[in-house]
Amino acid sequence: MNRFSRSQAAIIILVSLLILTFYGWRHYAHDRQGGESSLFLPTELIIQVSGEVRNPGIYSFDPPVTVSETVAGAGGLLPQLNPEPGWTRVEVAHARRVHITATGDGLARLRLGWMEVSSRLALGVPLDLNQASAAELAQVPGITQTLAERIVAQRNRLGGFSKLEDLRAVKGIGPVTLKRLRPFLTVDTVGRRGDAEKRRDGD
């Protein structure tokens, strides 16, 4: 075991504080831009499994987890069903919904999406401003149906939000309201760029 002098210990503590301050600022700045920080990943994945499984419900899994493992956690597929090729090894992210439907020829078909909005908000998973409908936004604490419709109208005018601060242009959202809404909302600018590239490639 190494033993440090007082001066060496002081230097180590100072460097550690500088590193923590740097990463703390990165997290704060990233959050200010409406993104999700990669520094704070969930230690367990909460996933809803529904449809043609023995025990539908909401389960927690250690990451990473595949569709096959989530279905097994819900008791497995109903009798006489076999999974369609390819989807059993697909990885499932936090707050997603694994929904299994049955085809006429006895195959289990996968539909992978988000959990219900109320469940996501309860888990602390923010809604994407560029994807959520007015009905979904209206479930966020502090957003009425009227305000949700104004947000969607502003999104349509802009062609999509670039950052959470864009909400300041919506009537009824000032700095105090925006601060209250931050934990519940995010902006997926990566997905927005991808959609724009797809539209451009299709022209």
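The values are calculated or read from the model by the stated rules, or taken from the named source; none is laboratory data. Since the structure is predicted, the reported quantities are computational estimates derived from the model, not experimental observations. We place every Cβ from the backbone using ideal geometry, glycine too, and count neighbours over all the protein chains shown.
Numerical summary
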item	result
Test: residue in segment 169-181 that is buried (at least 18 other Cβ atoms within 10 Å of the Cβ), modelled with pLDDT of 95 or more and in a helix (DSSP H, G or I)	yes
Among residues of segment 133-168, those that are crowded, with 20+ Cβ neighbours inside 10 Å, of a type outside the set (V, I, T) and assigned to a loop (DSSP other than H, G, I, E, B), counted	1
Test: residue in segment 125-132 that is touching a residue at least 12 places away in the same chain (Cβ under 8 Å), in contact with a helix residue (DSSP H, G or I) (Cβ under 6 Å, 6 or more places away or on another chain), farther than 30 Å from N55 by Cβ and surrounded by 13 or more Cβ atoms within 10 Å (Cβ to Cβ)	yes
Top-ranked residue of segment 92-107 - restricted to ones that are touching a strand residue (DSSP E or B) at 6+ places or on another chain (Cβ under 7 Å) and exposed (fewer than 13 other Cβ atoms within 10 Å of the Cβ), ranked as nearest to S118 (Cα to Cα)	T103
Pairs where the first residue, in segment 146-170, is in the same structural domain as E136 (by TED's automatic domain parsing) and the second is among the acidic types (D, E) and surrounded by 14 or more Cβ atoms within 10 Å (Cβ to Cβ), C-beta under 7 Å, 6+ apart	L158/D166
Unmet requirement for G86, which otherwise passes all of (1) closer than 30 Å to D188 by Cα; (2) modelled with pLDDT of 95 or more	(2)
